[in-house]
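The values are calculated or read from the model by the stated rules, or taken from the named source; none is laboratory data. Nothing here was measured: the structure is a model prediction, and the numbers come from that model. Counting neighbours? That spans all protein chains shown, and the Cβs are built from the backbone with ideal geometry, glycine included.
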Amino acid sequence: MKRAISINLGGIVFNIDDDAYRELQTYLTQIESCFSDREESKEIMNDIEARIAELFNERITDYKKVITSKDVKDITDVMGGPEQFGETEKESTHRQRERFGPSGYRRMYRDPDNRILGGVCSGMSAYWQIDPIILRILFVIAFLGFGAGLIIYIILWIVLPEAKTKAQKLEMMGEKVNVSNIGKAFKEEFDNVKKNMNL
(Lines give C-alpha, C1' and ligand atoms only; values in the text may rest on other atoms or scores of the structure.)
Protein backbone atom coordinates (compact mmCIF):
# COMPACT_ATOMS: atom_id res chain seq x y z
CA MET A 1 0.00 0.00 0.00
CA LYS A 2 1.34 3.41 -0.99
CA ARG A 3 0.47 6.82 0.34
CA ALA A 4 -1.11 9.30 -2.12
CA ILE A 5 -0.42 13.03 -1.91
CA SER A 6 -2.50 15.85 -3.39
CA ILE A 7 -0.49 18.43 -5.33
CA ASN A 8 -1.38 21.55 -7.27
CA LEU A 9 0.48 21.64 -10.57
CA GLY A 10 -0.29 24.30 -13.15
CA GLY A 11 -3.53 25.16 -11.36
CA ILE A 12 -4.83 21.57 -11.44
CA VAL A 13 -5.00 19.29 -8.38
CA PHE A 14 -3.61 15.77 -8.81
CA ASN A 15 -3.32 12.76 -6.54
CA ILE A 16 0.16 11.35 -6.86
CA ASP A 17 1.77 8.43 -5.03
CA ASP A 18 4.69 9.07 -2.69
CA ASP A 19 7.44 7.67 -4.95
CA ALA A 20 6.16 9.54 -7.99
CA TYR A 21 6.00 12.76 -5.94
CA ARG A 22 9.67 12.45 -4.96
CA GLU A 23 10.69 11.75 -8.57
CA LEU A 24 8.67 14.72 -9.85
CA GLN A 25 10.08 17.00 -7.16
CA THR A 26 13.65 15.94 -8.04
CA TYR A 27 12.99 16.53 -11.74
CA LEU A 28 11.48 19.98 -11.20
CA THR A 29 14.33 20.95 -8.85
CA GLN A 30 16.89 19.98 -11.50
CA ILE A 31 15.03 21.97 -14.15
CA GLU A 32 14.72 24.97 -11.83
CA SER A 33 18.44 24.92 -11.05
CA CYS A 34 19.18 24.85 -14.78
CA PHE A 35 17.24 28.09 -15.32
CA SER A 36 17.97 29.76 -11.96
CA ASP A 37 20.44 32.27 -13.41
CA ARG A 38 17.86 33.68 -15.84
CA GLU A 39 15.59 36.59 -15.10
CA GLU A 40 12.65 34.83 -16.74
CA SER A 41 13.11 31.59 -14.74
CA LYS A 42 9.77 31.89 -12.92
CA GLU A 43 7.84 32.17 -16.21
CA ILE A 44 9.78 29.23 -17.68
CA MET A 45 8.97 27.06 -14.66
CA ASN A 46 5.28 28.06 -14.76
CA ASP A 47 5.09 27.04 -18.42
CA ILE A 48 6.91 23.75 -17.80
CA GLU A 49 4.60 22.94 -14.87
CA ALA A 50 1.54 23.81 -16.98
CA ARG A 51 2.73 21.45 -19.73
CA ILE A 52 3.38 18.64 -17.23
CA ALA A 53 -0.12 19.22 -15.79
CA GLU A 54 -1.61 18.86 -19.30
CA LEU A 55 0.25 15.58 -19.78
CA PHE A 56 -0.82 14.30 -16.33
CA ASN A 57 -4.41 15.23 -17.09
CA GLU A 58 -4.34 13.03 -20.21
CA ARG A 59 -3.40 10.06 -18.03
CA ILE A 60 -6.25 10.44 -15.53
CA THR A 61 -9.30 8.29 -16.31
CA ASP A 62 -12.38 7.05 -14.46
CA TYR A 63 -10.40 3.94 -13.48
CA LYS A 64 -7.03 5.59 -12.83
CA LYS A 65 -7.08 8.53 -10.44
CA VAL A 66 -3.48 8.52 -9.11
CA ILE A 67 -0.28 9.53 -10.92
CA THR A 68 2.36 6.80 -10.60
CA SER A 69 6.13 6.65 -10.97
CA LYS A 70 5.69 5.22 -14.46
CA ASP A 71 3.60 8.26 -15.44
CA VAL A 72 6.28 10.61 -14.12
CA LYS A 73 9.02 8.72 -15.98
CA ASP A 74 7.03 8.73 -19.24
CA ILE A 75 6.35 12.45 -18.96
CA THR A 76 9.94 13.35 -18.07
CA ASP A 77 11.04 11.34 -21.12
CA VAL A 78 8.69 13.42 -23.28
CA MET A 79 9.71 16.72 -21.69
CA GLY A 80 13.42 15.97 -21.69
CA GLY A 81 15.92 16.74 -19.00
CA PRO A 82 18.00 19.77 -18.10
CA GLU A 83 21.01 18.24 -19.87
CA GLN A 84 19.18 18.68 -23.19
CA PHE A 85 19.04 22.43 -22.71
CA GLY A 86 22.76 22.65 -23.40
CA GLU A 87 22.64 20.77 -26.70
CA THR A 88 23.02 22.65 -29.94
CA GLU A 89 20.08 23.46 -32.18
CA LYS A 90 21.36 20.99 -34.79
CA GLU A 91 21.47 18.12 -32.26
CA SER A 92 18.01 19.04 -30.98
CA THR A 93 16.54 19.12 -34.51
CA HIS A 94 18.21 15.80 -35.38
CA ARG A 95 16.85 14.18 -32.20
CA GLN A 96 13.36 15.53 -32.94
CA ARG A 97 13.43 14.15 -36.50
CA GLU A 98 14.59 10.76 -35.25
CA ARG A 99 11.74 10.54 -32.78
CA PHE A 100 8.89 12.32 -34.54
CA GLY A 101 9.78 12.22 -38.24
CA PRO A 102 10.20 15.40 -40.33
CA SER A 103 7.86 17.47 -38.18
CA GLY A 104 6.54 17.27 -34.64
CA TYR A 105 2.96 17.26 -33.40
CA ARG A 106 1.02 20.31 -34.59
CA ARG A 107 -2.15 21.83 -33.26
CA MET A 108 -4.04 24.75 -34.73
CA TYR A 109 -4.37 27.86 -32.54
CA ARG A 110 -4.97 31.54 -33.09
CA ASP A 111 -1.62 33.37 -33.05
CA PRO A 112 -1.82 36.44 -30.76
CA ASP A 113 1.71 37.61 -31.62
CA ASN A 114 1.24 38.10 -35.37
CA ARG A 115 -2.43 38.95 -35.60
CA ILE A 116 -4.20 41.70 -37.46
CA LEU A 117 -7.70 40.94 -36.13
CA GLY A 118 -8.12 37.70 -34.22
CA GLY A 119 -4.96 35.83 -35.19
CA VAL A 120 -6.85 33.22 -37.24
CA CYS A 121 -4.83 33.61 -40.45
CA SER A 122 -1.47 33.80 -38.69
CA GLY A 123 -2.32 30.73 -36.59
CA MET A 124 -3.47 28.74 -39.61
CA SER A 125 -0.37 29.80 -41.55
CA ALA A 126 1.87 28.61 -38.70
CA TYR A 127 0.02 25.28 -38.73
CA TRP A 128 0.35 24.83 -42.51
CA GLN A 129 3.77 26.54 -42.73
CA ILE A 130 2.71 29.11 -45.31
CA ASP A 131 2.79 32.89 -45.45
CA PRO A 132 -0.17 34.45 -43.58
CA ILE A 133 -0.61 36.98 -46.41
CA ILE A 134 -1.85 34.15 -48.65
CA LEU A 135 -4.63 33.22 -46.20
CA ARG A 136 -5.54 36.86 -45.61
CA ILE A 137 -5.92 37.41 -49.35
CA LEU A 138 -8.06 34.25 -49.65
CA PHE A 139 -10.36 35.46 -46.85
CA VAL A 140 -10.72 38.88 -48.49
CA ILE A 141 -11.52 37.26 -51.86
CA ALA A 142 -14.04 34.94 -50.19
CA PHE A 143 -15.62 37.93 -48.45
CA LEU A 144 -15.82 40.12 -51.55
CA GLY A 145 -16.68 37.36 -54.01
CA PHE A 146 -18.97 35.08 -52.09
CA GLY A 147 -19.75 36.93 -48.86
CA ALA A 148 -18.84 33.85 -46.81
CA GLY A 149 -15.30 34.90 -45.89
CA LEU A 150 -16.37 37.00 -42.91
CA ILE A 151 -18.68 34.29 -41.55
CA ILE A 152 -15.96 31.63 -41.87
CA TYR A 153 -13.42 33.92 -40.20
CA ILE A 154 -15.75 34.67 -37.27
CA ILE A 155 -16.52 30.96 -36.81
CA LEU A 156 -12.81 30.11 -36.80
CA TRP A 157 -12.16 32.99 -34.37
CA ILE A 158 -14.70 31.45 -31.97
CA VAL A 159 -13.65 27.80 -32.47
CA LEU A 160 -9.84 28.08 -32.46
CA PRO A 161 -8.27 28.61 -29.04
CA GLU A 162 -5.67 31.33 -28.63
CA ALA A 163 -2.08 30.17 -28.10
CA LYS A 164 -1.39 31.73 -24.69
CA THR A 165 1.44 29.67 -23.23
CA LYS A 166 4.85 28.95 -24.69
CA ALA A 167 3.90 25.27 -24.91
CA GLN A 168 0.85 26.09 -27.04
CA LYS A 169 2.94 28.37 -29.28
CA LEU A 170 5.49 25.59 -29.75
CA GLU A 171 2.70 23.13 -30.61
CA MET A 172 1.32 25.63 -33.13
CA MET A 173 4.73 25.82 -34.84
CA GLY A 174 5.11 22.02 -34.80
CA GLU A 175 8.06 22.09 -32.41
CA LYS A 176 8.49 19.55 -29.66
CA VAL A 177 7.22 20.85 -26.31
CA ASN A 178 10.09 20.06 -23.98
CA VAL A 179 12.26 21.82 -21.42
CA SER A 180 14.86 22.85 -23.98
CA ASN A 181 12.42 24.43 -26.44
CA ILE A 182 10.42 26.20 -23.72
CA GLY A 183 13.66 27.64 -22.31
CA LYS A 184 14.82 28.75 -25.77
CA ALA A 185 11.46 30.39 -26.52
CA PHE A 186 11.58 32.39 -23.28
CA LYS A 187 15.21 33.36 -23.90
CA GLU A 188 14.42 34.61 -27.42
CA GLU A 189 11.41 36.59 -26.18
CA PHE A 190 13.37 38.06 -23.27
CA ASP A 191 16.28 39.02 -25.55
CA ASN A 192 13.86 40.69 -27.99
CA VAL A 193 12.26 42.70 -25.19
CA LYS A 194 15.66 43.81 -23.90
CA LYS A 195 16.76 44.79 -27.41
CA ASN A 196 13.57 46.79 -28.01
CA MET A 197 13.93 48.59 -24.69
CA ASN A 198 17.50 49.61 -25.53
CA LEU A 199 16.42 51.17 -28.85
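Residue 180 is checked against (1) at pLDDT 70 or above; (2) small (Gly, Ala, Ser); (3) within 25 Å of residue 38 (Cβ to Cβ) and fails just one. What number does that condition carry?
It fails just one condition, (1).
Can you find, within the stretch 145-183, the residue that is surrounded by the fewest Cβ atoms within 10 Å (Cβ to Cβ) among those that are among the basic types (Lys, Arg) and in contact with a Phe, Trp or Tyr (Cβ under 8 Å, 6 or more places away or on another chain)?
Restricting attention to the stretch 145-183, the residues satisfying the condition of being among the basic types (Lys, Arg) are 164, 166, 169, 176.
Pick out the ones that are also in contact with a Phe, Trp or Tyr (Cβ under 8 Å, 6 or more places away or on another chain) and you get 166, 169, 176.
On the way: 166: 23, 169: 23, 176: 21.
Looking at the filtered set, the residue picked out is 176.
Out of everything in the stretch 7-29 that is among the polar types (S, T, N, Q) and not in a helix (DSSP H, G or I), what residue ends up being farthest from residue 71 (Cα to Cα)? Full working, then the answer.
Of the residues in the stretch 7-29, the ones among the polar types (S, T, N, Q) are 8, 15, 25-26, 29.
The next check asks that each one be not in a helix (DSSP H, G or I); those that pass are 8, 15.
Numbers: 8: 16, 15: 12 Å.
Only one residue tops the list, namely 8.
Within the stretch 14-61, which residues are within 16 Å of residue 81 (Cβ to Cβ), modelled with pLDDT under 85, touching a Ser or Thr at 6+ places or on another chain (Cβ under 8 Å) and crowded, with 17+ Cβ neighbours inside 10 Å?
Once the filter is applied, which keeps residues that are within 16 Å of residue 81 (Cβ to Cβ), modelled with pLDDT under 85, touching a Ser or Thr at 6+ places or on another chain (Cβ under 8 Å) and crowded, with 17+ Cβ neighbours inside 10 Å, the stretch 14-61 yields 35, 51.
Report whether or not residue 135 is surrounded by fewer than 16 Cβ atoms within 10 Å (Cβ to Cβ) and at pLDDT 75 or above.
Answer is no for this residue.
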